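K.L.:
My structure is below; once you've seen it, I'll send some questions.
The values are calculated or read from the model by the stated rules, or taken from the named source; none is laboratory data. The shown structure was predicted, so the numbers you read here are calculated from the model rather than taken from an experiment. Quick reminder, even Gly has a Cβ in these numbers, built from the backbone with ideal geometry, and neighbours come from all protein chains shown. Side chains are part of the model used for accessible areas, which takes the heavy atoms of the whole protein and leaves out ligands, DNA and RNA. Shrake-Rupley method; radii C 1.70, N 1.55, O 1.52, S 1.80 Å.
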Amino acid sequence: MTDKKTFYVTTPIYYVNDVPHLGHAYTTVVADCLSRFHRLRGEEVFFLTGTDEHGQKVEQAAAAAGISPQDHCDRMVHRFQDLWRQLDTSHDDFIRTTQERHIRVVQAILTDLHDRGEIYKDSYQGWYCVPDERFWTEKDIEGGNCPDCGRPVVEITEENYFFRMGKYRQWLVDYITENPDFVRPQTRRNEILGFLRKDLGDLCISRPKERLSWGVEIPFDTDFVTYVWFDALTNYITAPGYLVDEKRFTRTWEGAHHLIGKDILTTHAVYWPIMLHALGLPQPKTIFAHGWWTIEGRKMSKSLGNVVDPGRLAEEYGIDAIRYFLMREVPFGLDGDFSKRALIGRINNDLANDLGNVFSRILAMTKKYFDGFVPPSGSGESPLAAQGAAAWEEVGKAAEKIAPHLALAAIWEFIGRINKFLDDEKPWILARDPEQRDRLARCLREGLEALRFTAILLAAFMPHTAARMWADLGLDGGPSLRGTVPGWNGLPEGGRTTLSGPLFPRIEEKD
Ligand code: MSP
């Protein structure tokens with residue numbers, strides 16, 4: 001039995017109340033690409049996403065709708081599940097924080113930490129905004145008013161449970177310093193090290209039920225529920241089987257990569273590592289915080305009415321075009337801007353012109369000169385094989401670094417080489433001379449082989465396009481490797497190719 005490490009990748013669990021938007025789709029799509037790439041290389045993969053379902057907002061929305069919070073969550077969760085089905089993401093599990101399996105783990109952790117003296121009860125003084133039902137600290141309030149709604153706040157003292165987080169500050173600083181790939185990219189790592197220069201307080205991890213009842217009950221004091229973040233972060237260990245299947249858990253957890261947005265960095269890079277450390281668990285490999293998308297230069301927001309629905313976008317332009325745009329347009333980690341114009345530009349230039357053209361050129365000539373049959377390979381060098389292998393290596397390095405933009409850049413460089421090869425060889429001229437028939441066969445064979453290789457390179461990033469290329473090349477199944485690297489010369493001689501239409505039709509820009 002092999003005890004191979006699993007490549008484990010997570011997205012944040014999305015608030016079930018939210019309407020799924022481009023920002024949610026972004027992280028899930030990147031996690032999907034990484035998962036597909038590692039699976040293609042024959043590795044064990046566990047890809048997790050899900051929804052965050054406890055807390056005040058859910059409680060309030062349910063009350064407004066006159067239904068129970070659980071019924072409300074059960075209705076809302078479909079919006080995420082349907083979107084992922086529509087975008088065809090390959091997650092292995094979908095966790096909901098209201099599931100029994102999760103609640104059990106959260107309560108076990110609370111008991112464990114409480115038994116070990118890591119959680120204690122204390123009284124807590126703060127400023128409360130009654131209409132917003134929200135606590136603020138002394139520094140937050142503005143002239144005695146709520147910084148959010150501007151109404152007066154009242155001073156409240158209440159009992160709560162606290163997690164002894166503060167005493168681990170130096171431990172965390174040392175851990176981050178010694179493990180340069182733990183918090184990424186570098187700018188976020190610096191941000192966290194900066195944050196940790198100040199004293200770190202203990203974390204209030206409970207809410208009295210009279211203020212909030214929609215949460216995981218504290219097992220040793222049923223007057224309280226758990227603070228949502230303590231509950232939410234734990235999802236990452238519930239799903240791979242913590243406390244249930246220790247063997248699976250250990251194998252999976254060793255390969256954990258958390259993908260998050262930059263706004264939830266502190267919870268993931270401070271609270272979570274300390275929670276794990278206090279539990280005696282190892283740290284995830286990487287916490288990678290990506291940037292935010294603006295829409296046509298403006299912040300995406302409900303009030304501006306510019307929230308982009310990824311499902312509608314995929315219907316209009318195709319899933320793979322959206323995947324390509326999101327990953328190619330912006331280096332993972334930086335902020336980016338989404339605009340129809342930029343999307344259409346990418347589709348027309350990179351997808352229709354570069355990839356689409358090389359694909360239809362080669363298949364059309366194969367049809368014209370060889371009736372669609374794959375010509376024999378013949379002897380001699382394969383001028384594109386080494387470049388294909390180099391692209392594969394670059395894609396592997398980019399996937400390790402979580403840099404999908406670099407993977408796509410390497411693939412497009414290879415596509416450029418294929419186009420150049422055709423321009424140099426000029427098969428349409430060779431075809432005029434019967435004495436050049438062998439050379440023409442070798443040239444088109446090489447081109448077809450390069451397309452097969454491109455389909456493998458693209459498989460993780462643009463799975464539908466890759467599958468379509470594979471089928472048009474007359475190949476069975478889907479893009480796959482023999483072994484751990486894709487070989488050259490994988491096309492069976494005499495195989496029949498078809499060109500079932502352009503891969504990416506050009507889009508006319510409307511003003
Ligand atoms: N429920 C918490 C996460 C708990 S994880 C243990 C949460 N949920 S969320 O639904 O509000 O946000 C999920 C993610 O969406 C965050 O990573 C956030 O960065 C991301 N985005 C929200 N707007 C975004 C953009 N405009 N652009 C890119 N990502 C954005 O936070």
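K.L.:
Determine the sum of side-chain charges near Val228: Lys and Arg each +1, Asp and Glu each -1, restricted to other residues whose C-beta is under 9 angstrom from that of Val228.
P.N.:
-1
K.L.:
Apply 1/(1 + (r/R0)^6) to the Cβ-Cβ distance of Glu191 and Glu133, taking R0 = 35 Å, and write down the FRET efficiency to the nearest 0.05.
P.N.:
E between Glu191 and Glu133, to the nearest 0.05, is 0.70.
K.L.:
Which GluC sites (Glu not before Pro) in the stretch 429-504 sit in a loop by DSSP (not H, G, I, E or B) and have at most 13 other Cβ atoms within 10 Å of their own Cβ?
P.N.:
Hits after loop and neighbour filter: Glu493.
K.L.:
Let me ask another. Give me, ordered by chain and number, the residues 5 or more places off Val216 or on other chains with an amide H under 5 Å from its own placed amide H.
P.N.:
Distant-sequence amide H within range of Val216: Thr226.
K.L.:
Considering only DSSP states other than H, G, I, E and B, which trypsin sites (Lys or Arg not before Pro) in the stretch 265-366 qualify as loop sites with at most 14 other Cβ atoms within 10 Å?
P.N.:
When the trypsin sites (Lys or Arg not before Pro) of the stretch 265-366 are filtered for loop state and at most 14 Cβ neighbours within 10 Å, Lys302 remain.
K.L.:
Could you give the size of the charge dipole of the stretch 340-511 about its Cα centre, using +1 on the Cβ of each K and R and -1 on the Cβ of each D and E, expressed in debye and rounded to the nearest 20? All intermediate terms of the calculation are to be shown ahead of the outcome.
P.N.:
Numbers: 22 positive and 22 negative charges, 67 e Å.
So the magnitude is around 320 debye.
K.L.:
Write out the trypsin sites (Lys or Arg not before Pro) in the stretch 118-198 meeting two conditions: DSSP loop, and at most 11 other Cβ atoms within 10 Å of their Cβ.
P.N.:
Those satisfying the criteria are Lys139, Arg197, Lys198.
K.L.:
Express as a percent, rounded to the nearest 5, the fraction of DSSP beta bridges in the chain (both residues included) that run antiparallel.
P.N.:
Percentage antiparallel, nearest 5: 50.
K.L.:
Once each part is reduced to its C-alpha centroid, what is the distance from the stretch 23-42 to the stretch 61-84 in angstrom?
P.N.:
Cα centroid of the stretch 23-42 versus Cα centroid of the stretch 61-84: 27 Å apart.
K.L.:
Next up: Quick one: ranking His78, His91, His54 by accessible area, 1.4 Å probe, largest first, what do you get?
P.N.:
Output order, biggest surface exposure first: His78, His91, His54.
K.L.:
Give the residue from Asn145, Pro180, His277 lying farthest towards the positive end of the charge dipole for the chain; charges sit on Cβ (+1 for Lys and Arg, -1 for Asp and Glu) and the dipole is referred to the Cα centre.
P.N.:
The listed residue farthest towards the positive side: Pro180.
K.L.:
Further question on the same structure: Return the subset of Lys397/Lys420; Lys121/Lys167; Lys285/Lys401; Lys262/Lys397; Lys340/Lys420 for which the Cα-Cα distance in this structure is over 18 Å, preserving the input order.
P.N.:
Lys397/Lys420; Lys262/Lys397; Lys340/Lys420
K.L.:
Next question, about the same structure. Just the number, please: carbon plus sulfur as a percent of the accessible area of the chain, 1.4 Å probe, no ligands or DNA/RNA counted.
P.N.:
Ligands and nucleic acids excluded, carbon and sulfur give 49 percent.
K.L.:
How far apart, in nm, are two points set 7 Å out from the Cα along the Cα-to-Cβ line at Ser480 and at Ser68?
P.N.:
Inter-label distance under the simple model: 4.6 nm.
K.L.:
Using Cα atoms only, what is the angle between the long axis of helix 404-425 and the major principal axis of the chain, expressed in degrees (0 to 90) to the nearest 10?
P.N.:
Computed tilt is about 10 degrees.
K.L.:
Note the full-extension length gain between Ala389 and Arg101 as 0.36 nm times their separation in residues minus their Cα-Cα distance, in nm to one decimal. Before the final figure, lay out the partial values.
P.N.:
Numbers: separation 288, 0.36 × 288 = 103.68 nm, distance 4.45 nm.
This chain segment gains 99.2 nm when fully extended.
K.L.:
Follow-up question, since we're still on this one. Please give the charge dipole size of the chain, origin at the Cα centre, charges +1 on K and R Cβ atoms and -1 on D and E Cβ atoms. Round to the nearest 20 debye. Provide the component values of the computation, followed by the final result.
P.N.:
Details: 61 positive and 73 negative charges, 279 e Å.
With Lys and Arg at +1 and Asp and Glu at -1, about 1340 debye.
K.L.:
How much length is gained if the chain between Trp428 and Val19 is pulled fully straight, taking 0.36 nm per residue apart and subtracting their Cα-Cα distance, in nm to one decimal?
P.N.:
142.0 nm
K.L.:
Also, I was wondering about something else. If I take R0 = 60 Å and measure r between the Cβ atoms of Ser379 and Arg164 in this structure, what FRET efficiency does the formula 1/(1 + (r/R0)^6) give, to the nearest 0.05?
P.N.:
0.25
K.L.:
Skip the ligands, DNA and RNA, and give the accessible area per residue of the chain with a 1.4 Å probe, whole Å².
P.N.:
Spelled out: the 1.4 Å probe surface of the chain, per residue, equals 44 Å².
K.L.:
Dipole magnitude of the stretch 58-110 about its Cα centre, charges +1 at Lys/Arg Cβ and -1 at Asp/Glu Cβ only, in debye to the nearest 20?
P.N.:
80
K.L.:
Which lysines have a Cα less than 17 Å from the Cα of Lys302, not counting those fewer than 8 places away in the same chain?
P.N.:
The reachable lysines, counting only those whose Cα sits under 17 Å from Lys302, are Lys57.
K.L.:
Restricting to DSSP H runs of at least four residues, report the calculated mean residue ellipticity at 222 nm for the chain, -39500 (n - 2.57) per run over all residues, nearest 500 deg cm²/dmol.
P.N.:
After summing the helix terms and dividing by the residues of the chain, the value is -13500 deg cm²/dmol.
K.L.:
Which one of Gln70, His38, Leu113 has its Cα pushed farthest toward the positive end of the charge dipole of the stretch 30-146, where Lys and Arg give +1 and Asp and Glu give -1 at the Cβ?
P.N.:
Sorting the options by dipole projection puts first His38.
K.L.:
At a probe radius of 1.4 Å, what is the per-residue accessible area of Leu281, in Å² to the nearest 10?
P.N.:
30
K.L.:
On a 1.4 Å probe surface of the protein chains, which of Asp199, Asp140, Asp263, Asp221 comes out largest in accessible area, and what is the full order?
P.N.:
Correct descending sequence by accessible area is Asp199, Asp263, Asp140, Asp221.
K.L.:
How many nm separate the modelled label positions at Gln125 and Lys340, each set 7 Å beyond the Cα in the direction of the Cβ?
P.N.:
Between Gln125 and Lys340, the label points sit 5.7 nm apart.
K.L.:
Quick one: what are the phi-derived ³J(HN,Hα) couplings along the stretch 164-171, Karplus 6.51/-1.76/1.60 with θ = phi - 60°, whole Hz, x for glycine and proline?
P.N.:
Values per residue, Gly and Pro as x: 6, 7, x, 6, 9, 4, 5, 4 Hz.
K.L.:
Evaluate the relative contact order of the stretch 340-511 (contact order divided by residue number), counting alpha-carbon pairs under 8 angstrom at least 6 apart; express in whole percent.
P.N.:
This gives 35 percent for the stretch 340-511.
K.L.:
Hey, rough spin-label estimate for Glu316 and Asp88, points 7 angstrom out along Cα→Cβ, what's it come to in nanometres?
P.N.:
Simple spin-label model gives 2.1 nm for this pair.
K.L.:
Can you give the extra length, in nm with one decimal, that the chain gains between Lys367 and Glu43 once fully stretched, where that is 0.36 nm per residue apart less the Cα-Cα distance? Display every interim value, and only then the final one.
P.N.:
Details: separation 324, 0.36 × 324 = 116.64 nm, distance 3.75 nm.
Full-extension gain reported as 112.9 nm.
K.L.:
In addition: I need the shape label for the stretch 340-511. Rule: rounded when a/c is under 1.5, else prolate if a/b > b/c, else oblate, with a, b, c from the alpha carbon gyration tensor.
P.N.:
oblate
K.L.:
Same structure, new question: Putting +1 on Lys and Arg Cβ atoms and -1 on Asp and Glu Cβ atoms, find which of Ser123, Ile344, Gly201 reaches farthest to the positive end of the dipole of the chain.
P.N.:
Ile344
K.L.:
R0 = 41 Å: FRET efficiency of His464 with Ala61, Cβ-based, nearest 0.05?
P.N.:
0.70
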